[in-house]
1. Restricting attention to segment 153-170, does a residue exist that is open to solvent by 20 Å² or more (accessible area, probe 1.4 Å), among the β-branched types (V, I, T) and part of a loop (DSSP other than H, G, I, E, B)?
2. With (1) in contact with a Lys or Arg (Cβ under 8 Å, 6 or more places away or on another chain); (2) exposed (fewer than 11 other Cβ atoms within 10 Å of the Cβ) as the list, and Y21 as the residue in question, which single condition is left unmet?
3. Looking only at segment 10-34, which residues are closer than 14 Å to V147 by Cα and assigned to a loop (DSSP other than H, G, I, E, B)?
4. Could you grab me the full set of residues in segment 177-188 that are open to solvent by 60 Å² or more (accessible area, probe 1.4 Å) and either at positive phi or modelled with pLDDT of 90 or more (or both)?
5. Kindly indicate which of K56, K6 is under 30 Å from V147 (Cα atoms) and either modelled with pLDDT of 70 or more or in a helix (DSSP H, G or I) (or both).
Amino acid sequence: MALGEKVKIKYDPNAPEDSTYILSPSIYNMIILLICGSVFTTIGYFMSGTWVLLRKIRRKGQPEEEEKLPPEEYVDPKKIKYASNKWSKNIFVRLLLFAVVLGVIFFSNKLFPGKHPVDVEQFQSVVEKKGYITTDTTEKLRQDWRVGSMMKESVSFDDGNVRMDFCIMDTVDSAMSLYAGMTLPVSEGEEIKQDGMVQEIHIKESDSMYVVKARCRDTVVYAAALPENKEEVIDILQTLGYWKE
């Protein structure tokens, strides 16, 4: 959207600051939840032993076959031990699989690098090591970008060759709205765009300018540089974990 355009929102009349541009459920999110829920439900179904219980219930109404056991002197102790070990191994495999699933759920962020948003101190530390000095631009960008109190904090630097703004929004929805509303001032040239629920990036490059906007959860980064300085922008974004190949 361009500045000045209108968008419908939902808000709490008793707390107008609690608002969202999402007017209806997201089909994409519903599909993702449905797929994930189906996968974990299937895993839980087989690990719980429910299917074994159902098989036993179905067999209850069927006539039982007489089981002919060999005389006691012909029972092989090794086979009994093997059956016991096999049962123990099945339990162990199920517990191990259950532990792996829990590990994936609770440590998914660690398994997928580049998904952690940084804070202002971390951003300042990274760019200062590159030789840039940041300033607090929270109030300025609140007005320039017309986001008001939805922007919690912002710092920026601009040395004439590279400009970068780092913003922390009050919610992920606010960050998504800001990211979607950012217009990259390059009309022609190469364009790269990668979307994602947690992390996304949009790049435009012409003969005179290299522009990037990136989002990770509730944070947004905007950067503009001369083409010869684009590697500096890429290096900073990679260090922050906001770069997507």
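The values are calculated or read from the model by the stated rules, or taken from the named source; none is laboratory data. Just so we're clear, the structure is a prediction, and the values are computed from it rather than from any experiment. Virtual Cβ from ideal backbone geometry, glycine too; neighbours counted across all protein chains shown. Only protein heavy atoms, including side chains, enter the accessible area calculation; ligands, DNA and RNA are left aside. Shrake-Rupley method; radii C 1.70, N 1.55, O 1.52, S 1.80 Å.
1. no
2. If we test Y21 against (1) in contact with a Lys or Arg (Cβ under 8 Å, 6 or more places away or on another chain); (2) exposed (fewer than 11 other Cβ atoms within 10 Å of the Cβ), just (2) comes out false.
3. Within segment 10-34, Y21 is the sole residue that qualifies.
4. Hit for segment 177-188 is A180, nothing else.
5. After ruling out the rest, the residue left standing is K6.
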